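The values are calculated or read from the model by the stated rules, or taken from the named source; none is laboratory data. These numbers were taken from a predicted model, which means no experiment stands behind them. Cβ coordinates were reconstructed from backbone atoms using ideal geometry, including for glycine residues, and neighbour counts include every protein chain displayed. The accessibility values were calculated without ligands, DNA or RNA, using every heavy atom of the protein model including side chains. Shrake-Rupley method; radii C 1.70, N 1.55, O 1.52, S 1.80 Å.
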Amino acid sequence: MTSLPRKSSRRKLGLVIDLDICVACQACAVNCKEWNTSGHSAPLTDLNPYGKGQNGVWYNRIHSFEAVDEKTGDSQTINFPKSCLHCEDAPCVTVCPTGASYKREEDGIVLVNGDICIGCKLCSWACPYGAREYDETEGVMKKCTLCVDKIYNETLSPSSRVPACVSTCPVGARHFGDLGDPHSEVTRLVEARGGFALMPEQGTLPVNRYLPPRPKQHQKPKDQTPRMLEHKDDSSDGAGLLARWVDKVLSA
Amino acid sequence: MHPAKSVIFFTTGSGAGYGMLAWLAILALMGYQPADSTYGLFAFGIAFGLVGGGLLSSTFHLGHPERAWRAMSQWRSSWLSREGVAAIATFGPTGLYALAWIFLNENQSLAGGIGLIGALMSLITVYCTSMIYGSLKTIPAWFTKWTRVAYLVFAMMTGAVLLWFLSVLFNLPEAATIARLSMFFLALGFIVKIIYWRAVDNAPATSTAESATGLGKLGKIRLIESPHSEDNYLLKEMGFRIARKHAGKLRIIALVLGFVIPFLAICAALYGLPQFQLLFAGFAVVTGIVGIVTERWLFFAEAKHVVTLYYGESRI
């Protein structure tokens, strides 16, 4: 049934992504592809992977934005990984005409049942975040599963039972946990750092949170220009003996 | 939004077909339609052809057309599912009405009552179609009440023009009444489309690159590096941009071909050269089709999706 669960789930599994330290290395996107191409919604098909116009199914993509302070002209770069936010009021679920798209009552994960999806693509139109990926080869919609086949996998060591993007992040910019639990590590992290949701005006109530870049610690006084190279193109003062001799010969 | 041919034909074709079905019942009950077998066969043939063809074509863009029946199940939450259920259900009363009209030469009293139920269900189906688009908050150009109004008015309008053509072809004495009806709906459609465009063009931005990234506090947000060098599914489906270049011209073409010329053609047939009215009727239908298809193409192609805020758009 593509109606949402009546009561919002008590557990709200999701990601917290730290925009302060993401370096856009793409490891999360690659490991996501690696795990999921043999996971719940496998395969993550690529079309024309070695030619021109490559196109493929990716659950996770990393954008880079520039924020320009219009008063000072200062700018900073923010690397911005984006995957499904597992919204509480997920419009991709309610528009689904077949019941293929659903939100799990027990942990809030949004999934697609590829066996009954008709590939109408309406869910991808309803999602503001671009979390839905159409697999042209299989004719069905796919999406981030929050590695549902990894996080509950008891054959893995407990520390490995996190989504592939989280376990692979080399700088620790991704956190996984229960955002419905007010005492969980991720909830406290969001509170401490002022974590926010994307496009709250769309009314989707995303579970995932983003942590803003921290304020710069070493702000320069406004009138101080950066240290520049000192050029001495027209003088050989302070140069070595050989250099002064060459200068003399060439200047003749 | 990518304007898929199948969806353009589905919305325009089924709209015109349902409009015809609605008018057939309404006009018959008012005594403006003959309960004639040949006429009925043509009228319902065209109407069901458009409705059936439209519905069939809407399944062509599916990844799994053979599973289309599953789309009937989620009517509690999904407008697409409601549309499917309404479309199938409408075949009941409209089909019975067609049989009564063609084989029993009966289009009033009990048959007329069934026809009226069919007319109402036809319009409900068109409403459901409009809500597939009108319920998507992610596409502000569709998320307006004018989407619903436009779909309903255009269905009645295109249905009326087609029926006028048929009434001229069969030399019905009521052709002039249907002609005036068509003119009224063409004028109404013209006004609705202009109001729709004004509403869409003047609407304040729903979302911005700042709200999409949540980074507005830091300043103005600009995309400097896309996730990949090639297009992806999102950009192909939601990032369609060809229309914007010619949008102004195409809007005028849609208005002139879809509304103005059919209106003038009917005028000419009624008040100018009635001896050529079949020619005018045919002309009105042909330009009307081109116009309404252009209108629908623009409806898709001009609409911007908020996901493009992650790919370089600044406000939508």
Margin query: Condition first: within 9 Å of another protein chain (Cβ to nearest Cβ) and either of a type in the set (Phe, Trp, Tyr) or touching a strand residue (DSSP E or B) at 6+ places or on another chain (Cβ under 9 Å) (or both). Now tell me which residues in region A:49-59 satisfy that.
Written below: A:Gly53, A:Gln54, A:Asn55, A:Gly56, A:Val57, A:Trp58
Notebook entry, point to check: Give me the pairs: first residue in region B:167-178 and under 11 Å from B:Pro34 (Cβ atoms) and open to solvent by less than 10 Å² (accessible area, probe 1.4 Å), second residue modelled with pLDDT under 95 and outside any helix (DSSP H, G or I), beta-carbon distance under 7 Å, and six or more apart or on different chains, which are they?
Noted result: B:Ser167/B:Glu174
Next item on the list: Specify which of the listed residues (B:Phe60, B:Phe91, B:Phe42) is closer than 28 Å to B:Val293 by Cβ, open to solvent by 70 Å² or more (accessible area, probe 1.4 Å) and within 14 Å of chain A (Cβ to nearest Cβ).
Entry: B:Phe60
Notebook entry, point to check: Is it the case that region B:237-259 has a residue that's in contact (Cβ under 8 Å) with a residue 24 or more places away in the chain and facing chain A (nearest Cβ under 9 Å)?
Noted result: yes
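Out of curiosity, is A:Val23 in a loop (DSSP other than H, G, I, E, B) and either modelled with pLDDT of 95 or more or among the β-branched types (Val, Ile, Thr) (or both)? Give the derivation first.
Working: in a loop (DSSP other than H, G, I, E, B): yes; either modelled with pLDDT of 95 or more or among the β-branched types (Val, Ile, Thr) (or both): yes.
Judged against the criteria, A:Val23 is a match.
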Checklist line | Test result for B:Ile261, open to solvent by 50 Å² or more (accessible area, probe 1.4 Å), out of contact with any Cys (no Cβ under 7 Å at 6 or more places or on another chain) and either among the charged types (D, E, K, R) or at negative phi (or both) | finding: no
Check: (1) open to solvent by 40 Å² or more (accessible area, probe 1.4 Å); (2) closer than 27 Å to B:Tyr133 by Cα: which one isn't true of B:Gln277, the others all being true?
Finding: (2)
Checklist line | Test result for B:Ala141, under 16 Å from the mean Cα position of the chain (by Cα) and either under 27 Å from B:Met183 (Cβ atoms) or hydroxyl-bearing (Ser, Thr, Tyr) (or both) | finding: no
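Would you confirm, using the coordinates I've provided, whether B:Leu99 is more than 30 Å from A:Ser3 (Cβ to Cβ) and in a helix (DSSP H, G or I)? Can you show your working first?
On the way: more than 30 Å from A:Ser3 (Cβ to Cβ): yes; in a helix (DSSP H, G or I): yes.
Yes: the conditions hold for B:Leu99.
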Margin query: Cβ-Cβ distance below 9 Å, separation of 6 or more or different chains: which pairs start in region B:14-32 with a residue that is under 17 Å from B:Gln108 (Cα atoms) and end on one that is acidic (Asp, Glu)?
Written below: B:Leu27/B:Glu174; B:Gly31/B:Glu174; B:Tyr32/B:Glu174
Notebook entry, point to check: Taking the condition more than 10 Å from chain B (Cβ to nearest Cβ), assigned to a loop (DSSP other than H, G, I, E, B) and either more than 26 Å from A:Tyr210 (Cα to Cα) or open to solvent by less than 20 Å² (accessible area, probe 1.4 Å) (or both), does A:Cys28 pass?
Noted result: no
Notebook entry, point to check: So which of B:Ser167, B:Ser135 ends up being among the polar types (S, T, N, Q) and more than 30 Å from B:Gln275 (Cβ to Cβ)?
Noted result: B:Ser135
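State which residue is modelled with the lowest pLDDT when the search covers only region A:70-109 and only residues that are part of a loop (DSSP other than H, G, I, E, B), within 7 Å of chain B (Cβ to nearest Cβ) and touching a Lys or Arg at 6+ places or on another chain (Cβ under 8 Å).
Among residues in region A:70-109 that are part of a loop (DSSP other than H, G, I, E, B), within 7 Å of chain B (Cβ to nearest Cβ) and touching a Lys or Arg at 6+ places or on another chain (Cβ under 8 Å), the one modelled with the lowest pLDDT is A:Glu70.
Give region B:246-297 a look and list any residue that's among the basic types (Lys, Arg) and touching a helix residue (DSSP H, G or I) at 6+ places or on another chain (Cβ under 9 Å), or say none. Step through it out loud before you land on a result.
Going through region B:246-297, the residues among the basic types (Lys, Arg) turn out to be B:249, B:251, B:296.
Those that are among the basic types (Lys, Arg) and touching a helix residue (DSSP H, G or I) at 6+ places or on another chain (Cβ under 9 Å): B:Arg251, B:Arg296.
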Notebook entry, point to check: Is it the case that some residue within region A:42-49 is free of Cβ contacts under 8 Å to residues at least 24 places away in the same chain and polar (S, T, N, Q)?
Noted result: yes
Notebook entry, point to check: Looking at A:Cys144, A:Cys165, A:Cys120, which is the one that is modelled with pLDDT of 95 or more and either open to solvent by less than 10 Å² (accessible area, probe 1.4 Å) or at the interface with chain B (Cβ under 10 Å from one of its Cβ atoms) (or both)?
Noted result: A:Cys120
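Going by the structure shown, is B:Thr213 more than 30 Å from B:Leu163 (Cβ to Cβ), open to solvent by 40 Å² or more (accessible area, probe 1.4 Å) and either at pLDDT below 95 or not acidic (Asp, Glu) (or both)? Talk me through it step by step, then tell me what you get.
Values: more than 30 Å from B:Leu163 (Cβ to Cβ): yes; open to solvent by 40 Å² or more (accessible area, probe 1.4 Å): no; either at pLDDT below 95 or not acidic (Asp, Glu) (or both): yes.
So B:Thr213 does not fit the description; no.
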Next item on the list: Of the conditions (1) at pLDDT 95 or above; (2) farther than 30 Å from B:Ala205 by Cα, B:Ser58 clears all except one; give me its number.
Entry: (1)
Next item on the list: Would you please name the residue that is farthest from the chain's Cα centre (by Cα), looking only at residues in region A:47-69 that are outside any loop (DSSP other than H, G, I, E, B) and of a type in the set (A, V, I, L, M, F, W, C)?
Entry: A:Leu47
Item checked: In region B:298-315, residue nearest to the other protein chains (Cβ to nearest Cβ) [restricted to those that are open to solvent by less than 20 Å² (accessible area, probe 1.4 Å) and closer than 23 Å to B:Ala150 by Cβ] -> B:Val306
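Looking only at region B:71-85, how many residues end up being buried (at least 21 other Cβ atoms within 10 Å of the Cβ) and part of a helix (DSSP H, G or I)? Steps first, answer last, please.
Pass one, region B:71-85, residues buried (at least 21 other Cβ atoms within 10 Å of the Cβ): B:71, B:74, B:78-84.
Add one more test, that the residue is part of a helix (DSSP H, G or I), and what stays is B:71, B:79-84.
Going through region B:71-85 one residue at a time, the tally reaches 7.
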Check: Being at pLDDT 95 or above and of a type in the set (Asp, Glu), is that true of even one residue in region B:170-184?
Finding: no
